[in-house]
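S.K.: My structure is below; once you've seen it, I'll send some questions.
What follows draws every value from the coordinates through simple rules; no lab data is involved. The structure presented is a predicted model; accordingly, all values stated were derived computationally and were not measured. Reconstructed Cβ throughout: ideal geometry from the backbone, glycine too, with neighbour counts over all protein chains shown.
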Amino acid sequence: MAAPPVAPDERCHQVPAPVLGPAVGVLALQGDSGEHAKALIEVGARPVEVRRPADLVGVDALVVPGGESTTMSMLLESSGLLSPLAARLADGMPALGTCAGMILMARRILDGRPDQHCLGIIDIDVRRNAFGRQRESFESYLDVAGMEGGRLPAVFIRAPVVERAGPEVDVLASTEVGSGVCRPVLCRQGAVTVSSFHPELSDDRRLHQMFVSSILEPRSA
Ligand code: GLN
């Protein structure tokens, strides 16, 4: 027997509309993409693994995780992702680069491999492996400009630092790199945010939250 007809207004209310956050691509060629995916889900975004050019279709933003920037650079080339990714970023797609991801997004890499690519979408010069041997990995707490709720825990693993930040770059946090010298470790230029540390490896989700909010409400800068 045919089901009784459903009045149009009842039909509309049967299934609540799902609340879908932005689709955030996570470059998953190498490195700790899984931890970023978890963090993105926790702040209401939809992570999408990006391994091939077709995966970029439909993503609203991109996270480039930590790992090994020289390996990622080679894999970007061999996967065919380098050009389409650079084009989306040049077109203003919001992006978060952490550690090796920061290196890949920089204008210039110091102590890199000569054949290492950088995407040049944030006007910074980045030095790889900038911390001394005994501090190759450490955790510290950072004062982040404009961030409420106290200092942000930051896990540094063979981390880079910013040696030069251009006039368009906002330096949001710095840390001591030795002998009283401080260098930027969290920067933003327009829709691009980069960190020397791994926000996905601590339980504090404020940086991912800030990034996802910036996708939903782009700044007028
Ligand atoms: N030292 C690494 C590089 O040069 C980055 C380290 C990291 O991402 N944790 O790529």
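S.K.: Below 8 Å, C-alpha to C-alpha, sequence gap of six or more: please give me the relative contact order for the chain in percent.
M.R.: It rounds to 17 percent for the chain.
S.K.: Using the Kirkwood formula over every pair of different C-alpha atoms, what hydrodynamic radius in Å results for the chain?
M.R.: 18.2
S.K.: Does anyone have the angle between helix 206-216 and the longest principal axis of the chain? Alpha-carbon axes, 0 to 90°, nearest 10?
M.R.: On a 0 to 90 degree scale, this one is about 60.
S.K.: Here's another thing I want to ask about it. When DSSP assigns beta bridges and you keep just the ones with both residues in the chain, what percent turn out antiparallel, to the nearest 5?
M.R.: Counting DSSP beta bridges with both partners in the chain, the antiparallel share is about 50 percent.
S.K.: Taking +1 at the Cβ of each Lys and Arg and -1 at the Cβ of each Asp and Glu, which of 147, 161, 129 sits farthest along the dipole of segment 122-168 towards its positive end, judged by Cα position relative to the Cα centre?
M.R.: So the residue we want is 129.
S.K.: Full extension from residue 158 to residue 38: what is 0.36 nm times the residue separation minus their Cα-Cα distance, to one decimal in nm?
M.R.: 40.9 nm
S.K.: Something else now. Kindly express, to the nearest 10 degrees and within the range 0 to 90, the angle between helix 33-42's C-alpha long axis and the longest C-alpha principal axis of the chain.
M.R.: 50
S.K.: Å³ per residue of the Cα convex hull, for segment 137-221?
M.R.: Each residue corresponds to 100 Å³ of Cα convex hull volume.
S.K.: Could you check the simple spin-label distance between residue 137 and residue 116, using points 7 Å along Cα→Cβ, in nm with one decimal?
M.R.: About 1.9 nm, to one decimal.
S.K.: Quote the charge dipole size of the chain about the Cα centre in Debye, to the nearest 20; the model charges only the Cβ of Lys and Arg (+1) and of Asp and Glu (-1).
M.R.: Dipole size: approximately 400 debye.
S.K.: Run lengths n ≥ 4 of DSSP H only: what is the helix-derived mean residue ellipticity at 222 nm for the chain, with -39500 (n - 2.57) per run over all residues, to the nearest 500?
M.R.: -6500 deg cm²/dmol
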